[in-house]
Amino acid sequence: MTDRGNILVIGKSGVGKSTLINAVFGEECAETGWGMTGTTKELRIHEGNGELRFRLIDTIGFEPSFLKEHQAISAVAKWSKKSVKEGQEEKVIHAIWYCIEGTSSKLFERDISSMIKATKIWKTVPVIAVITKSYSEEYQRNNIEMVQMAFDRKKNFHNRLKAIVPVVAAPFRINQNIIVPPSGIMRLIDVTNDLMHEGLKAGKTDIENYKLKRRRALAQSVVAVSATTGTVVGAIPVPFADALILSPLEIAEVDGIACIYGINKNEESSRFFNSIVEVGTVSVAAKTVISALKAVPGINLGASVLNALIAGGIITAIGEGSIYAFEQIYLGNKSTSDIDWVKKLMESRLSSQLVNKLVALAGQISYQKDKKIAQIILDAFKMPRA
């Protein structure tokens, strides 16, 4: 018997299957893209880096036209039959992720029927309904109810639906002050492992270590989006050191990272969150950096470039500090009552170390103006891609 389970990832074209796979494995193993047709043209088995005890099988997305939908159903059905006939245990399906786009707010009986037809050979395999692009709690509640009602109508199939998991696979920027962080990925991993045969379950320690790494990577993706936004917002013709234009972005960044680590906002944690932002107030840190830059000979940056550099650097430093702080809470080493600790932590992140980094980057940017400032900052702070 194979030591790893196989999950069939199925759904309409464009629903976000490939993005979901990349988010779970933490690497660009599945191609994603925009366009009029689906990205995945054939079934592909994604192993990931081996830290999870299951593979993900990306399927051809169901296209709007009847012919293309039929072709997709046939492709999955034929692949399944062939794997069974040839006795390839590594291709036996142990669970199905049925992906439904949360923004559509519709799930037709025909959609479920297509999934059932494509996977009819796997008559007892449990199904997890994954609601992708679940950007708000209200939509999540409505979509969970919608999915449950739709499956309840399938009298001979509804008992195979074992869980409904809303997810956001990648950071989504609504505007410059609102970023929806990734969510639901860890719960999806947990639910999937629980549905695997006991012999296929990963050890608790291995799974927790893997999930911690994924939380960290997802949090870093929020910092990357925030830093890029910060450089754009920061490059404005106002006295930057006295501006509070980045405060909403700082708050959104900190809230998003906390959400990824499962830390809810209440009366006590709000003080903790606010302490991070207070220490990272742009006006205070910016004045220190500007003074340091002025003292360095040979650095001659335009106001907009200077502002963008400072904004991106401060946002990145706040993000890095927040990741470390919330990770310590997640691990149980600290609590949200440790206000003095987090203040000292953030002060260290925004001290001479930050100034020295930005001074070095100022010289680099002055000679390489064609490069994107945000990417230079992220590279300098060694923020890996999620």
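Points to keep in mind about this one:
- Derived value for segment 93-209: Kirkwood hydrodynamic radius 15.4 Å. Basis is the mean of 1/r over every pair of different alpha-carbon atoms.
- Packing-based ranking, highest mean first, of 96-108, 249-261, 154-166 given that Cβ atoms within 10 Å are counted: 249-261, 96-108, 154-166
- When the pairs LYS82/LYS120; LYS17/LYS133; LYS12/LYS78; LYS120/LYS162; LYS12/LYS120; LYS82/LYS154 are compared against a 21 Å limit on Cα-Cα distance, LYS82/LYS154 fall above it.
- Computed magnitude of the charge dipole of segment 119-193 (debye, nearest 20; Cβ of K, R +1, Cβ of D, E -1): 440 debye
Every read-out reported here was derived from the displayed coordinates using simple, explicitly stated rules and does not represent laboratory data. Keep in mind it's a predicted model, so treat the numbers as computed, not measured. Glycine gets a Cβ as well: all are built from the backbone with ideal geometry, and neighbour counts include every protein chain shown.
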